[in-house]
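Peer 1: Here it is: the structure, laid out below.
The values are calculated or read from the model by the stated rules, or taken from the named source; none is laboratory data. Remember, it's a predicted structure, so these values are computed and weren't measured experimentally. Ligands, DNA and RNA are stripped out before the accessible areas are found, and what is left, the full protein with its side chains, is counted by its heavy atoms. Shrake-Rupley method; radii C 1.70, N 1.55, O 1.52, S 1.80 Å.
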Amino acid sequence: MKTHTATAIAHPNIAFIKYWGNRNTALRLPHTNSISANLRDLHTCTKVTFRDDLTADTLHINDQPAEDGALKRVSLFLDLVRTLAGINSNAEVISSNNFPMGAGIASSAAAFSALALAGSAATGLSLDEKALSRLARRGSGSASRSIPAGYVEWQAGSDDADSYAVSIADENHWALADCVAIINASHKIIGSSLGHTIADTSPFQEVRLQTAPQRLDECRQAILQKDFERLATVTELDSTMMHSVMMTSNPALFYWEPASISVMKEIPLLRAKGLAVCYTLDAGANVHVFCEASSKQKVHKLLAEFPGVQSVIDSEVGGPARLV
Ligand code: DP6
């Protein structure tokens, strides 16, 4: 029996400028670029072993056999890896996360970037960063952004070959932290994949897409110049624009909980008092609060005392996906 194995670690990422809606669903080609930061202190570790004696792929997540839907998504992704490598063995996939899944912390980003790296390496392929980012994108769009280091921009591109993410600045460029106010840690009802397919039903999506290049420029400049105020303004605007699209799509998607709104209202007040903080929300109720890494403990404490906040998870900005 031949076995080929590899293990990789990847971080989730949180977007300042969001990805919401695809031009091509099957290839996960987004309408626009997006910009994010990797979260150093959160990770997924995935071991892939291709074995000739397996009759089907298997998947364990956090020591539990995965549900059929997750296994199917992983198996379809492994088909891409098998095609690239020219093999047809099945694989055993063992994955674990140190953060809650499906709660607006992009677990699929960490999962598919770790799977792209471990899966391709296990077959003996040695893909460069661009090829890995393209591959990870096919599993989950945001996973393309968890391959490069630090602050990352996913270039929408026009086809499969040129839609991949690149690092704008590495993780040591600017010491920021994300304090995630956990308001609801359960699995969300409508996931991003379905959300992307209905984004274009919102009358606001066209405006969001038309004005995205300005926000992308603003965000890129703010990161390169380490200008927190500029980053804060554009990040909050982009988050609210994406949620406006979500709330006006058909069916309408409301991810915010009352406590999410309370935190969102408080953050700009704290900023006006001189604390460098800003918020963004993904497809979930949890509020990601960015701050300078030096004020992480203070922000953590403020959020933890907030009514409706169950817990707070912190992370600084992290490096690329890597083999272990
Ligand atoms: C709201 O990458 O999770 O987090 O490609 O279907 O897996 P799939 O979608 P996914 O979408 C992320 C949506 C978002 C915004 C973002 O991370 O840019």
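Peer 1: When all protein chains stay in place, what accessible area (Å², nearest 10, 1.4 Å probe) is found for Glu257?
Peer 2: 80
Peer 1: Could you tell me the ratio Rg/Rh of the stretch 181-324? Both radii from Cα atoms, Rh via Kirkwood.
Peer 2: Working: Rg = 16.0 Å, Rh = 16.5 Å.
With Rg and the Kirkwood Rh in hand, the quotient comes to 0.97.
Peer 1: Can you tell me, using C-alpha contacts under 8 Å and at least 6 residues apart, the relative contact order of the chain as a whole percent? List each step's numbers first, then the result.
Peer 2: Working: 745 pairs, mean separation 81.4, N = 324.
Once normalised by length, the contact order is 25 percent.
Peer 1: Which value, to two decimals, describes the C-alpha radius of gyration of the chain once divided by 2.2 N^0.38 Å? Numbers along the way, then the final one.
Peer 2: On the way: Rg = 19.0 Å, N = 324, 2.2 N^0.38 = 19.8 Å.
Rounded to two decimals, the normalised Rg is 0.96.
Peer 1: Now for a separate question. Return the aspartates and glutamates within reach of Lys298: Cα separation strictly under 17 angstrom, same-chain partners fewer than 8 residues apart disregarded; answer none if there are no such residues.
Peer 2: Candidates past the 8-residue exclusion: Asp178, Glu266, Asp314, Glu316.
Peer 1: Also, I was wondering about something else. Heavy atoms only, 1.4 Å probe, whole protein assembly: order Ile9, Ile35, Ile87 by accessible area, highest first. Can you show the working numbers first?
Peer 2: Values: Ile9 30, Ile35 0, Ile87 55 Å².
So the residues, ranked largest to smallest area, are Ile87, Ile9, Ile35.
Peer 1: Which of the pairs Lys47/Lys72; Lys226/Lys273; Lys47/Lys296; Lys265/Lys296; Lys18/Lys130; Lys265/Lys301 have their Cα atoms more than 25 Å apart in this structure?
Peer 2: Values: Lys47/Lys72 17 Å; Lys226/Lys273 20 Å; Lys47/Lys296 32 Å; Lys265/Lys296 19 Å; Lys18/Lys130 20 Å; Lys265/Lys301 17 Å.
Among Lys47/Lys72; Lys226/Lys273; Lys47/Lys296; Lys265/Lys296; Lys18/Lys130; Lys265/Lys301, the Cα-Cα distance tops 25 Å for Lys47/Lys296.
Peer 1: To the nearest 10 Å², what's Lys301's accessible area with a 1.4 Å probe?
Peer 2: 130
Peer 1: Report, by chain and number, residues whose modeled amide H sits under 5 Å from the one on Arg40, excluding near sequence neighbours (fewer than 5 apart, same chain).
Peer 2: Glu316, Val317, Gly318
Peer 1: As an exercise, take the mean of 1/r over every pair of distinct alpha carbons in the stretch 3-172, invert it, and state the Kirkwood radius in angstroms. Could the numbers behind the result be given before it?
Peer 2: Numbers: mean 1/r = 0.0636 Å⁻¹.
With all distinct Cα pairs of the stretch 3-172 included, I get 15.7 Å.
Peer 1: Can you list residues whose amide H is under 5 Å from Gln155's amide H, if they're 5+ apart or on another chain and H is modeled 1.01 Å from N?
Peer 2: Excluding prolines and chain starts, which carry no amide H, the hits are Tyr164, Ala165, Val166.
Peer 1: Ala252 to Lys72: extension gain in nm, 0.36 nm per residue of separation minus the Cα-Cα distance?
Peer 2: Numbers: separation 180, 0.36 × 180 = 64.80 nm, distance 2.70 nm.
Result: 62.1 nm gained on full extension.
Peer 1: Roughly to the nearest percent, how much of the accessible area of the chain is carbon and sulfur, given a 1.4 Å probe? Working shown, then result.
Peer 2: On the way: 7140 of 13390 Å².
Carbon plus sulfur share of accessible area: 53 percent.
Peer 1: Per Stokes-Einstein, at 25 °C and 0.890 mPa s, what whole-number D in µm² s⁻¹ belongs to the stretch 76-197, with the Kirkwood radius over Cα pairs as the hydrodynamic radius?
Peer 2: Numbers: Rh = 15.7 Å.
This corresponds to a translational diffusion coefficient of 156 µm²/s.
Peer 1: Where in the chain are the helices, taken as whole DSSP H runs, whose Cα atoms extend 20 angstrom or more along the long axis and whose Kyte-Doolittle mean reaches at least 1.0?
Peer 2: Working: long enough: 68-85 (25 Å, 0.67); 107-122 (22 Å, 1.32); 205-224 (28 Å, -0.70); 228-247 (28 Å, 0.31); 258-272 (22 Å, 0.64).
Membrane-span-like by this rule: 107-122.
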